[in-house]
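Single-structure report; data block below.
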Amino acid sequence: MRHRSKTAKLKRNASHRKALLSNLACSLIEHGRIKTTLGKAKALRPVAEKLVTLAKRDDLHSRRLAIAYLHQKDIVKKLFAEVAPASKDRQGGYCRITKLGARMSDSAPMAVIEWVDRVTEDEADTEAATPAAEAVVDVAAEEKPAKAAKKKAAEKTEEPAAE
């Protein structure tokens with residue numbers, strides 16, 4: 001009986017499935033988010049989360065296990081240096097799957113899988129620019145009432161002179 005043996009077969013044999021999930025995990029670590037079919041994303045999530053849990057240990061044995069699964073040393077370095085430290089306070093649930101709808105060619109359900117604690121370059125730029133933008137807004141808000149008060153004072157002094 002197949003009690004509690006839940007494996008997404010993805011219509012592939014075991015070696016092909018392992019290679020597929022390894023390549024998807026490498027792409028996810030390298031790019032931070034990937035667009036794939038919903039079935040592949042659901043099969044990738046446990047693999048990616050186990051790799052992050054492994055990388056959070058940050059010892060030689062876990063690094064060797066990650067290299068044995070991913071087969072790419074530069075991707076493992078990025079996993080240990082960037083992805084795992086970003087998730088150090090989280091106790092699981094490192095990935096997010098967002099459904100996109102059907103693919104145009106074959107109507108396969110598509111999804112985006114990404115890291116929950118991922119900081120994109122756009123977000124980093126906006127976070128760096130936000131305090132300066134708020135300072136500009138505050139200065140502009142302070143200048144407007146002062147200018148309005150000066151205009152009112154100038155109008156009051158001009159009205160009696162015109163009569």
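The values are calculated or read from the model by the stated rules, or taken from the named source; none is laboratory data. Just so it is clear, the model here is predicted, and its values are computed rather than measured. Don't worry about glycine lacking a Cβ; one is built from the backbone with ideal geometry, like all the others, and counts go over all protein chains shown.
Regarding region 47-54, can at least one residue be identified that is modelled with pLDDT of 95 or more, of a type outside the set (Lys, Arg) and touching a Phe, Trp or Tyr at 6+ places or on another chain (Cβ under 6 Å)? Within region 47-54, one or more residues are modelled with pLDDT of 95 or more, of a type outside the set (Lys, Arg) and touching a Phe, Trp or Tyr at 6+ places or on another chain (Cβ under 6 Å). Of the set (1) more than 24 Å from Asp106 (Cα to Cα); (2) modelled with pLDDT of 95 or more; (3) not small (Gly, Ala, Ser), all apply to Thr36 but (1). If the condition is being in contact (Cβ under 8 Å) with a residue 60 or more places away in the chain and more than 17 Å from Thr98 (Cα to Cα), then region 2-50 contributes no residue at all. Once region 58-113 is narrowed to residues that are surrounded by fewer than 13 Cβ atoms within 10 Å (Cβ to Cβ) and of a type in the set (Gly, Ala, Ser), the residue that is nearest to the chain's Cα centre (by Cα) is Gly93. Looking only at region 5-34, residues that are surrounded by 12 or more Cβ atoms within 10 Å (Cβ to Cβ), in a loop (DSSP other than H, G, I, E, B) and charged (D, E, K, R) come to 1 in all.
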